[in-house]
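**Student:** What follows is a structure written as structure tokens; I'll ask about it next.
The values are calculated or read from the model by the stated rules, or taken from the named source; none is laboratory data. Just so it is clear, the structure is predicted and the values come from calculations on it, not from any experiment. Glycine gets a Cβ as well: all are built from the backbone with ideal geometry, and neighbour counts include every protein chain shown. With ligands, DNA and RNA removed, areas are computed over all heavy atoms of the protein, side chains included. Shrake-Rupley method; radii C 1.70, N 1.55, O 1.52, S 1.80 Å.
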Amino acid sequence: MKMKTMLLALFVLPSFVLAQQIDIPSEAIDSEQAKQSFRTVDPFGNEVTVFVDPPVKFKKEEPWYDSESEHFIGFNEVDEFEKFPADENAKRAVVVNVYVVADEEYRARYSDWQSRLNQIVETADNSYYRDFKINWVIKGYYSWTSNGGNASAILSDLARDAGSLPNGLIMGFSADPNFDAGGIAYVYNSNPRKGFSVCKDQGVSSTISALRHEAGHNYGCSHDFDPVVCLMNYTYSYRIDYFDSSHDALIQSRDGWFR
């Protein structure tokens, strides 16, 4: 396989846009863990940035919508793309194949793990379809034995073990007690063809939010900071389902990735 060297991702400076603030408990996110990021090389030789994203610390119910946002849409179906098969936007949607991989602890915890992860992935995809016309299509469910002493090692383990899967987004889900993050992903600056992420089992609702955030990293999004209202900002990542304008433009410009 021809290896590709990628530019390192940098933090995005916040654009100061006035927006309605959403009240979130100050203890909701582990601020120390939120600072963790590092640069490394993935198993395919791509230079990447990795963000170790913290888990949520409060009980979350799905869906939570900000009714004042221009992104507000009242749907809570599992997959809006299937709801509007004849819609002109659906006809123009970009299809990205998704490969769902669950580790042994996750599978042992949920006998219905495939249907559970179908709900998580399809619901997380609603915002990508709504805002970018990107439709995630699950092509298969796979078993995986996670190994590693922490979240970053488990992400590397997934990339090695699932590296033979076809191009697409390869989404790992873990209930491994060593997985010490809410989610983790490789951040790419050019199309890697395959994007890897792992989300911790935090229940359906919070895992949906974490998956939206980690997929944003795969598309090259770094973190935002207050006062920017964006799901890439830890303040809002478990409360809203939309990006700020700079990340909107970035993902839209990369909607052909992972194919």
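**Student:** Filter region 155-164 down to residues that are touching a strand residue (DSSP E or B) at 6+ places or on another chain (Cβ under 9 Å) and assigned to a helix (DSSP H, G or I), then give me how many there are.
**Tutor:** Here is the first cut: in region 155-164, the ones touching a strand residue (DSSP E or B) at 6+ places or on another chain (Cβ under 9 Å) are 155-159, 161-163.
In the following step, the residues that additionally are assigned to a helix (DSSP H, G or I) were identified as 155-159, 161.
The number of residues fulfilling the criteria is 6.
**Student:** Considering only region 199-235, how many residues are of a type in the set (Lys, Arg) and either in a loop (DSSP other than H, G, I, E, B) or over 21 Å from residue 249 (Cβ atoms) (or both)?
**Tutor:** Here is the first cut: in region 199-235, the residues of a type in the set (Lys, Arg) are 200, 212.
Then drop every residue that is not either in a loop (DSSP other than H, G, I, E, B) or over 21 Å from residue 249 (Cβ atoms) (or both), which leaves 200.
Matching residues across region 199-235 total 1.
**Student:** Hey, can you tell me all the residues within region 165-206 that are under 15 Å from residue 256 (Cα atoms) and of a type in the set (Ser, Thr, Tyr)? Lay out the reasoning, then the answer.
**Tutor:** Within region 165-206, the subset under 15 Å from residue 256 (Cα atoms) is 167-169, 188-195.
Scanning region 165-206 gives 188, 190.
**Student:** (1) surrounded by fewer than 18 Cβ atoms within 10 Å (Cβ to Cβ); (2) at pLDDT below 95; (3) out of contact with any Pro (no Cβ under 7 Å at 6 or more places or on another chain): which one isn't true of residue 252, the others all being true?
**Tutor:** Residue 252 satisfies every listed condition except (2).
**Student:** Mind listing whichever residues of region 177-198 are open to solvent by 10 Å² or more (accessible area, probe 1.4 Å) and either part of a loop (DSSP other than H, G, I, E, B) or more than 22 Å from residue 118 (Cα to Cα) (or both)?
**Tutor:** Of everything in region 177-198, those that are open to solvent by 10 Å² or more (accessible area, probe 1.4 Å) and either part of a loop (DSSP other than H, G, I, E, B) or more than 22 Å from residue 118 (Cα to Cα) (or both) turn out to be 177, 178, 180, 189, 190, 191, 192, 193.
**Student:** Which of (1) over 28 Å from residue 44 (Cβ atoms); (2) open to solvent by less than 20 Å² (accessible area, probe 1.4 Å); (3) out of contact with any Leu (no Cβ under 9 Å at 6 or more places or on another chain) is the odd one out, the single condition residue 234 does not satisfy?
**Tutor:** Exception for residue 234: condition (2).
**Student:** Select, from 143, 152, the only residue that is in a helix (DSSP H, G or I), in contact with a strand residue (DSSP E or B) (Cβ under 8 Å, 6 or more places away or on another chain) and not aliphatic (A, V, I, L, M). Even if it seems obvious, please write down each step before you answer.
**Tutor:** On the way: 143 fails: in a helix (DSSP H, G or I).
Exactly one of 143, 152 is in a helix (DSSP H, G or I), in contact with a strand residue (DSSP E or B) (Cβ under 8 Å, 6 or more places away or on another chain) and not aliphatic (A, V, I, L, M), namely 152.
**Student:** Filter region 106-139 down to residues that are under 19 Å from residue 205 (Cα atoms) and open to solvent by 50 Å² or more (accessible area, probe 1.4 Å) and give me whichever is farthest from the chain's Cα centre (by Cα).
**Tutor:** Here the residue is 111.
**Student:** Still on this structure, please answer the following. Every residue in region 183-198 that is in contact (Cβ under 8 Å) with a residue 60 or more places away in the chain and of a type outside the set (S, T, N, Q), please. If you could, list the steps in order and put the result at the bottom.
**Tutor:** Within region 183-198, the first condition is being in contact (Cβ under 8 Å) with a residue 60 or more places away in the chain, and the residues that meet it are 183-196.
Across region 183-198, the qualifying residues are 183, 184, 185, 186, 187, 188, 192, 193, 194, 195, 196.
**Student:** Among the aromatic types (Phe, Trp, Tyr) and at pLDDT 95 or above: does that describe residue 179? Quick ask: steps written out before the conclusion?
**Tutor:** Working: among the aromatic types (Phe, Trp, Tyr): yes; at pLDDT 95 or above: yes.
Spelling it out, residue 179 is indeed among the aromatic types (Phe, Trp, Tyr) and at pLDDT 95 or above.
**Student:** Using the structure shown, decide if residue 226 is modelled with pLDDT under 95, under 17 Å from residue 53 (Cα atoms) and in contact with a helix residue (DSSP H, G or I) (Cβ under 6 Å, 6 or more places away or on another chain).
**Tutor:** no
**Student:** Just one of (1) at pLDDT 95 or above; (2) open to solvent by 20 Å² or more (accessible area, probe 1.4 Å) trips up residue 259, so point out which.
**Tutor:** If we test residue 259 against (1) at pLDDT 95 or above; (2) open to solvent by 20 Å² or more (accessible area, probe 1.4 Å), just (1) comes out false.
**Student:** Which ones in region 213-259 are farther than 15 Å from residue 187 by Cβ and basic (Lys, Arg)?
**Tutor:** 239, 259
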